[in-house]
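Contents: one structure, followed by commentary.
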Amino acid sequence: MIKVLRLGHRRGRDDRISTHVGLTARQWGADEIVFAGEKDENMMESQRDIINRWGGDIELRYTEEWKKEIKAFDGLKLQLSMYGRKIGEKLDELKQEYESRGDILVIVGAEKVDRWVYENVDYNISVGNQPHSEIAALSVFLDRLRGGEIKDSFKGAEIEIEPSEDRKLTREK
């Protein structure tokens, strides 16, 4: 199981970014995404609408108690941060641990991440040690963890894309 915890969502400021974190988690095969920070029903409804139309069975929820979420997780816990160890240095080790534990919690922040997170995860991992987007970090990390495997179709989709070189094509299912 792959679970993504999005820390520090700020209503009105992070709507688009948090939505894209959710889209990325869904596309790269996460089973659950948990949002923490300011409760934002509009952002959550946008996520649900995408899942309803485009398919998938990723679980979405909100928590006020993100520390309990991390503590209670019984699997590999890692934070994606530009301050972490480079993914290339740790990828083989991470894959082995993920395979042996069976579950992984991937934490991505919005605002400044509480020091407590750094002290309560197994790994702090970066995709680069320069400022970068949490969306990019999540997609690069999940792509490497899953060996380049990306989900092409989703159960329950009402609509899907028909690949084209020169236009936007969708079809109803």
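A short reminder: the numbers here are calculations on the coordinates, not readings from a lab. All figures in this text were calculated on a predicted structure; none of them were measured in a lab. Note: ideal-geometry Cβ built from the backbone for every residue, glycine included; neighbour counts use all protein chains shown.
Please identify the GluC sites (Glu not before Pro) of region 1-84 that satisfy two criteria: DSSP loop assignment and at most 13 other Cβ atoms within 10 Å. Which are they? Within region 1-84, the qualifying GluC sites (Glu not before Pro) (loop, at most 13 other Cβ atoms within 10 Å) are GLU64, GLU65.
Amide hydrogen proximity for SER126: with H placed 1.01 Å from N in the peptide plane, the residues at 5 or more positions away or on another chain lying under 5 Å are SER81, GLY84, ARG85, LYS86, ILE87. Converting phi to 3J(HN,Hα) with the Karplus coefficients 6.51, -1.76 and 1.60 and the offset θ = phi - 60°, region 152-168 yields 9, 9, 10, 4, x, 5, 8, 9, 8, 8, 9, x, 8, 7, 10, 6, 8 Hz in sequence order, with x at every glycine or proline. Helices meeting the span-like rule in the chain (full DSSP H runs, Cα extent of at least 15 Å along the helix axis, mean Kyte-Doolittle score of -1.0 or higher): 15-27, 134-145. Note: the chain, Cα convex hull, 128 Å³ per residue.
Cα centroid separation, region 1-30 to region 79-106: 19 Å. Distances between placed amide hydrogens fall under 5 Å for HIS9 paired with ALA36, GLY37, GLU38, all partners being 5 or more residues away or on another chain. Peptides 102-110, 150-158 ordered by packing proxy, namely the average of other Cβ atoms within 10 Å per residue, highest first: 102-110, 150-158.
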